[in-house]
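Engineer: The structure under discussion is supplied below as structure tokens; questions concerning it will follow.
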Amino acid sequence: MRILVTGGAGFIGSHLIDRLMEQGHDVICLDNFYTGHKRNILKWFDNPYFELVRHDITEPIRLEVDQIYHLACPASPVHYQFNPVKTIKTNVLGTLYMMGLAKRVNARLLLASTSEVYGDPDVHPQPEEYRGNVNCTGPRACYDEGKRVAETLAFEYHREHKVDIRVARIFNTYGPRMLEHDGRVVSNFIVQALQKTPLTIYGDGSQTRSFCYVSDLVEGLIRLMNNDYIGPVNLGNPGEYTILELAQMIQGMINPDAELIYKPLPQDDPKQRQPDITKAKTYLNWQPTIALKEGLEMTINDFRERVS
Ligand code: NAD
Ligand code: UDP
């Protein structure tokens with residue numbers, strides 16, 4: 001199959017491309033390299049079934065493909081808040097153009113949405129029916145509302161134009177190839193512990209997150225793409241940890257003497273997050289297999305090679 005991966009040079013996209021190439025597909029990676037890197041896909045450069053297109057999805061593009069994994073969008077608050085209007089354009093215009101492309105060439109499109117559509121949730125854990133608690137004027141809105149509109153576009157193209165869609169709501173995902181300085185909690189704590197600087201806990205560390213190892217997530221995305229269920233479907237690991245617990249776990253694994261320091265909690269930071277994955281289990285026969293400690297070990301090994 002000819003498969004387009006937008007955002008393919010990024011963290012999740014590059015792991016997805018590895019799997020698709022190994023399965024023998026013809027893969028086009030489209031990226032503008034805002035947070036993605038050529039080194040993530042370097043190993044496929046000489047393969048004739050791999051193509052790299054440098055392109056910004058806020059501009060239209062014509063390609064002939066059978067499936068589109070639409071991942072292009074910065075995922076870390078530091079990067080999506082750097083240029084919020086651009087984040088909105090990437091989510092809204094970018095998804096509009098990708099839906100148009102899917103319609104034109106009759107391709108199936110999987111949208112990488114996010115648990116952020118639930119905002120700071122007052123229902124716990126979050127099932128797909130929960131409609132969310134998003135502050136539409138806050139600093140996370142460019143991403144949260146952008147993704148909500150992206151989901152709306154996908155469903156309207158499906159209803160109006162019969163475009164074949166799949167919508168995944170991805171919860172916090174971690175693993176090798178996360179950027180050292182992209183501000184996400186797992187990468188921050190690992191880099192800080194390796195560099196023997198204090199681990200920075202925002203707020204009192206009682207807020208919770210659920211962390212999914214990237215290979216589990218990629219398996220879920222591929223199952224969703226090749227299944228009849230269109231979603232939206234939560235993909236994440238239901239194991240829920242406070243940020244303080246995560247800090248202590250990473251501290252114990254890298255540097256038990258590492259200091260923990262407390263910094264102000266960013267505005268609108270969700271207090272709790274845990275996916276209800278009943279739908280993924282029922283329709284995709286999917287659930288995560290990698291425990292947090294095991295996944296952190298693999299991630300720490302990758303960071304050790306890059307961080308000194
Ligand atoms: P990432 O930042 O590593 O990857 C995003 C990729 O998209 C990068 O390669 C970047 O260069 C590219 N990109 C950004 N804007 C673009 C544009 N306008 N045109 C073309 N390319 C563009 O992030 P990731 O963690 O790999 O996330 C991938 C997708 O998964 C995103 O859509 C994100 O919203 C979603 N997601 C990720 C997580 C997570 O925990 N990592 C959680 C929920 C949702
Ligand atoms: N966080 C933290 N220290 C850091 C980076 C993040 O305590 O150095 C917290 C952040 O406030 C949030 C959680 O960790 O409560 C997850 O943050 P991240 O940016 O990784 O993901 P998101 O908030 O988008 O889920």
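The values are calculated or read from the model by the stated rules, or taken from the named source; none is laboratory data. Just so you know, these numbers come straight off a predicted model, no measurement behind them. Reconstructed Cβ throughout: ideal geometry from the backbone, glycine too, with neighbour counts over all protein chains shown.
Engineer: Looking at segment 209-260, which of its residues are hydrophobic (A, V, I, L, M, F, W, C), surrounded by fewer than 19 Cβ atoms within 10 Å (Cβ to Cβ), within 12 Å of ligand 2 (Cβ to nearest atom) and without any contact (Cβ under 8 Å) to a residue 60 or more places away in the chain?
Structural biologist: Leu244
Engineer: Considering each of Gly36, Gly24 in turn, give the residue that is farther than 27 Å from Glu180 by Cα and small (Gly, Ala, Ser). Talk me through it step by step, then tell me what you get.
Structural biologist: On the way: Gly36 fails: farther than 27 Å from Glu180 by Cα.
None of the other options fit; the residue is Gly24.
Engineer: Right, next: Of all residues in segment 23-62, count the ones that are of a type outside the set (Phe, Trp, Tyr) and within 21 Å of the chain's Cα centre (by Cα). I'd like the intermediate steps shown before the answer.
Structural biologist: Residues of segment 23-62 of a type outside the set (Phe, Trp, Tyr): 23-32, 35-43, 46-48, 51-62.
Now drop any that are not within 21 Å of the chain's Cα centre (by Cα), which leaves 27-32, 35-42, 52-58.
Going through segment 23-62 one residue at a time, the tally reaches 21.
Engineer: For Val78, work out the one condition from (1) assigned to a loop (DSSP other than H, G, I, E, B); (2) within 12 Å of ligand 1 (Cβ to nearest atom) it doesn't fulfil.
Structural biologist: So the condition that Val78 fails would be (1).
Engineer: Something else: Which residues, counting only those in segment 1-27, are aliphatic (A, V, I, L, M) and crowded, with 21+ Cβ neighbours inside 10 Å?
Structural biologist: Matches in segment 1-27: Ile3, Leu4, Val5, Ala9, Ile12, Leu16, Ile17, Leu20, Val27.
Engineer: Only one of Asp56, Asp46 is of a type in the set (D, E, K, R), more than 20 Å from Ala150 (Cα to Cα) and assigned to a loop (DSSP other than H, G, I, E, B); which? Show your work before the answer.
Structural biologist: Values: Asp56 fails: more than 20 Å from Ala150 (Cα to Cα).
That would be Asp46, the only listed residue that is of a type in the set (D, E, K, R), more than 20 Å from Ala150 (Cα to Cα) and assigned to a loop (DSSP other than H, G, I, E, B).
Engineer: Looking only at residues in segment 288-308 that are of a type in the set (A, V, I, L, M) and within 21 Å of the chain's Cα centre (by Cα), which one is surrounded by the most Cβ atoms within 10 Å (Cβ to Cβ)?
Structural biologist: My answer is Leu296.
Engineer: List every residue pair whose Cβ atoms lie under 6 Å apart, where the two residues are 6 or more positions apart in sequence or sit on different chains, the first residue falls within segment 28-48 and is closer than 20 Å to Val214 by Cα, and the second residue, located anywhere, is among the charged types (D, E, K, R).
Structural biologist: From segment 28-48, the pairs are Asn40/Arg177.
Engineer: Scan segment 1-58 for residues that are of a type in the set (Val, Ile, Thr) and in contact with a Lys or Arg (Cβ under 6 Å, 6 or more places away or on another chain) and jot them down.
Structural biologist: Kept after step one, since they are of a type in the set (Val, Ile, Thr), are these residues of segment 1-58: 3, 5-6, 12, 17, 27-28, 35, 41, 53, 57-58.
Of everything in segment 1-58, just one residue is of a type in the set (Val, Ile, Thr) and in contact with a Lys or Arg (Cβ under 6 Å, 6 or more places away or on another chain), namely Thr58.
Engineer: A further question follows. Within segment 285-306, is even one residue at pLDDT below 95 and of a type outside the set (D, E, K, R)?
Structural biologist: Looking only at segment 285-306, we keep the residues that are at pLDDT below 95, and these are 305-306.
Restricting the remaining residues to those that are of a type outside the set (D, E, K, R) gives none.
Checking segment 285-306: not a single residue is at pLDDT below 95 and of a type outside the set (D, E, K, R).
Engineer: Given (1) modelled with pLDDT of 95 or more; (2) within 17 Å of the chain's Cα centre (by Cα); (3) not aliphatic (A, V, I, L, M), where does Pro270 come up short, assuming only one miss?
Structural biologist: With respect to (1) modelled with pLDDT of 95 or more; (2) within 17 Å of the chain's Cα centre (by Cα); (3) not aliphatic (A, V, I, L, M), Pro270 is out only on (1).
Engineer: Criterion first (more than 9 Å from ligand 2 (Cβ to nearest atom), at pLDDT 95 or above, in a loop (DSSP other than H, G, I, E, B) and small (Gly, Ala, Ser)) does Ser206 satisfy it?
Structural biologist: Details: more than 9 Å from ligand 2 (Cβ to nearest atom): yes; at pLDDT 95 or above: yes; in a loop (DSSP other than H, G, I, E, B): yes; small (Gly, Ala, Ser): yes.
Judged against the criteria, Ser206 is a match.
Engineer: Working only within segment 28-42, note down all residues that are part of a helix (DSSP H, G or I) and surrounded by 15 or more Cβ atoms within 10 Å (Cβ to Cβ). It would help to see each step written out before you state the result.
Structural biologist: So in segment 28-42, the residues part of a helix (DSSP H, G or I) come out as 38-40, 42.
Across segment 28-42, the qualifying residue is only Asn40.
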